[in-house]
Amino acid sequence: PAAACSRFVIANDTEVTTIHYTCPGSGHGRTTIRVETPRLAQVQTQGIAENAPFDLTVEARRIGECQTLSMR
């Protein structure tokens, strides 16, 4: 969180964005976000964080409006 990271946009269009980032002393990585529909996106990220590799793929789906919680 305290690292001064740099980033480089590899690809950026209406459907896919890929960014490579480097955080000196903390690690580096590459993240790709692919929008398949207005309700579905894929996120794939991999790299090195604190000397350990990571690789994560997630799917984001919009399933409806956010619900408001009432606090009583």
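The values are calculated or read from the model by the stated rules, or taken from the named source; none is laboratory data. Because the structure is a prediction, the values reported are computed rather than measured. Because the Cβ atoms are built from the backbone with ideal geometry, glycine has one as well, and the counts that use them run over all protein chains shown. In case anyone asks, the SASA skips ligands and DNA or RNA and just uses the protein heavy atoms, side chains included. Shrake-Rupley method; radii C 1.70, N 1.55, O 1.52, S 1.80 Å.
Multiplying the residue separation of Glu36 and Ser70 by 0.36 nm and subtracting their alpha-carbon distance yields 8.9 nm. Ranked by the mean number of other Cβ atoms within 10 Å of their residues, highest first, the peptides 47-57, 17-27, 33-43 fall in the order 17-27, 33-43, 47-57. For the chain, the Cys residues with no second cysteine's beta carbon closer than 4.7 Å are Cys66.
Surface composition of the chain: carbon and sulfur make up 57 percent of the accessible area, probe 1.4 Å. For region 4-19, putting each phi into the Karplus relation 6.51 cos²θ - 1.76 cosθ + 1.60 with θ = phi - 60° gives couplings of 8, 7, 10, 9, 9, 7, 7, 9, 7, 9, 5, 10, 9, 10, 10, 10 Hz, in residue order, rounded to whole numbers and with x for Gly and Pro.
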